[in-house]
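Asker: One structure is given below, represented as structure tokens, and several questions about it will come after.
The values are calculated or read from the model by the stated rules, or taken from the named source; none is laboratory data. Note that the structure is a prediction, hence the values are computed from the model and not measured. Positions of Cβ are generated from backbone atoms using ideal geometry, with glycine treated the same way; all protein chains shown enter the neighbour counts.
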């Protein structure tokens with residue numbers, strides 16, 4: 001990316017938009033059929049992950065730390081004794 005000088009386009013706003021666009025392309029892999037081409041899925045997933053990692057960097061965060069913090073929050077919202085085997089939202093438990 002540096003060789004192409006693309007960092008100038010990596011504002012937080014643009015990166016958020018790019019995550020959404022690439023997620024849509026990932027969704028297209030299963031839009032019309034249930035059995036996706038796994039190589040295409042991997043390719044689109046790589047695009048999504050790339051923009052997610054770039055966004056985390058732009059926010060001054062480590063992706064692993066963001067994930068662990070979110071898992072802790074989710075654990076508090078969805079205690080095992082109330083949420084196990086259920087798909088209800090936390091405010092419906």
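Asker: Which pairs turn up if I take residues in segment 7-24 that are in contact (Cβ under 8 Å) with a residue 12 or more places away in the chain and look for partners that are outside any helix (DSSP H, G or I) and surrounded by 15 or more Cβ atoms within 10 Å (Cβ to Cβ) with beta carbon separation below 9 Å, at least 6 apart in sequence or on another chain?
Answerer: 18/10
Asker: Any residue at all in segment 37-45 that is out of contact with any strand residue (DSSP E or B) (no Cβ under 6 Å at 6 or more places or on another chain) and not in a helix (DSSP H, G or I)?
Answerer: Of the residues in segment 37-45, the ones out of contact with any strand residue (DSSP E or B) (no Cβ under 6 Å at 6 or more places or on another chain) are 37-45.
This time we only want the ones that are not in a helix (DSSP H, G or I), so: 37.
Yes: one or more hits.
Asker: Would a scan of segment 75-93 turn up a residue that is part of a helix (DSSP H, G or I), in contact (Cβ under 8 Å) with a residue 40 or more places away in the chain and touching a helix residue (DSSP H, G or I) at 6+ places or on another chain (Cβ under 6 Å)?
Answerer: Scanning segment 75-93, I find no residue that is part of a helix (DSSP H, G or I), in contact (Cβ under 8 Å) with a residue 40 or more places away in the chain and touching a helix residue (DSSP H, G or I) at 6+ places or on another chain (Cβ under 6 Å), so the answer is no.
Asker: Take residue 70 and decide whether it is at pLDDT below 95 and exposed (fewer than 13 other Cβ atoms within 10 Å of the Cβ).
Answerer: Values: at pLDDT below 95: no; exposed (fewer than 13 other Cβ atoms within 10 Å of the Cβ): yes.
Judged against the criteria, residue 70 is not a match.
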